[in-house]
Amino acid sequence: MNTQISVGIHILSLLSINEEPLSSKYLASSINSNPTLVRKICKYLRNGKLIESQQGKSGYQLSKPANKITLGDVYQLIQEEEHFLKIHQDTNPKCVVGKNIQSTLDNIYSEVDSKIIKELDQTTIDDLSKQILSR
């Protein structure tokens, strides 16, 4: 699993505590990354209708209230793999394990993925931002 989900959550949290739109350069400085990565993650978030950028205004802002965006929403938008863990490919079809491991793991991993999303759906960006600000 890569860090892009955490970066997306970071971006949303930062936007939730600021009323004005924030530029990708500003967001990148908080993440300690480059604006190109931020724009890539913002594309996912914009396509998922979690953030918006307005013509004539520089920067991004939330497109819905922070208490309506869950960490599960972010996970589902940004997770690039089919499952939280990869399933190895090209196993030996002549071996009882080799020919059945992929479908067996696929079923198990699908259940785990559902549990991950369910757990992440328990926390909103607003919840997270409040925790951050209280530290």
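Observations, loosely collected:
- If only residues of the range 46-62 that are open to solvent by less than 50 Å² (accessible area, probe 1.4 Å) and of a type in the set (G, A, S) are counted, the one that is farthest from the chain's Cα centre (by Cα) is G59.
- Among the residues of the range 83-118, those identified as within 30 Å of L62 (Cα to Cα) and without any contact (Cβ under 8 Å) to a residue 12 or more places away in the chain are S114, K115.
- Residues of the range 20-39 that are open to solvent by 40 Å² or more (accessible area, probe 1.4 Å), free of Cβ contacts under 8 Å to residues at least 24 places away in the same chain, of a type outside the set (S, T, Y) and on the phi < 0 side of the Ramachandran plot: K25, N34, P35, R39.
- The range 110-131 - residue that is touching a Leu at 6+ places or on another chain (Cβ under 6 Å) and part of a helix (DSSP H, G or I) and, of those, nearest to S16 (Cα to Cα): I125
- Residues of the range 1-19 that turn out to be over 29 Å from I87 (Cα atoms), of a type in the set (A, V, I, L, M) and open to solvent by 30 Å² or more (accessible area, probe 1.4 Å), as a count: 1
- Number of positions in the range 99-130 that are open to solvent by 70 Å² or more (accessible area, probe 1.4 Å) and either in contact with a helix residue (DSSP H, G or I) (Cβ under 6 Å, 6 or more places away or on another chain) or under 18 Å from I5 (Cα atoms) (or both): 5
- With respect to the conditions (1) part of a helix (DSSP H, G or I); (2) closer than 25 Å to K130 by Cβ; (3) open to solvent by 90 Å² or more (accessible area, probe 1.4 Å); (4) of a type in the set (D, E, K, R), K43 falls short on a single one, namely (2).
- Any chance I69 is surrounded by 12 or more Cβ atoms within 10 Å (Cβ to Cβ) and more than 16 Å from the chain's Cα centre (by Cα): no
- Considering the conditions (1) crowded, with 18+ Cβ neighbours inside 10 Å; (2) more than 28 Å from K115 (Cβ to Cβ); (3) of a type outside the set (V, I, T), Y75 is excluded by exactly one of them, (2).
- Filter pass, K86 being open to solvent by 90 Å² or more (accessible area, probe 1.4 Å) and either touching a Ser or Thr at 6+ places or on another chain (Cβ under 9 Å) or modelled with pLDDT of 90 or more (or both): no
The values are calculated or read from the model by the stated rules, or taken from the named source; none is laboratory data. Keep in mind the model is a prediction, meaning the values are calculated, not measured. FYI the Cβ positions are ideal-geometry reconstructions off the backbone, even for glycines, and counts take in every protein chain you see. Calculation scope for accessible area: heavy atoms of the full protein, side chains included, ligands and nucleic acids excluded. Shrake-Rupley method; radii C 1.70, N 1.55, O 1.52, S 1.80 Å.
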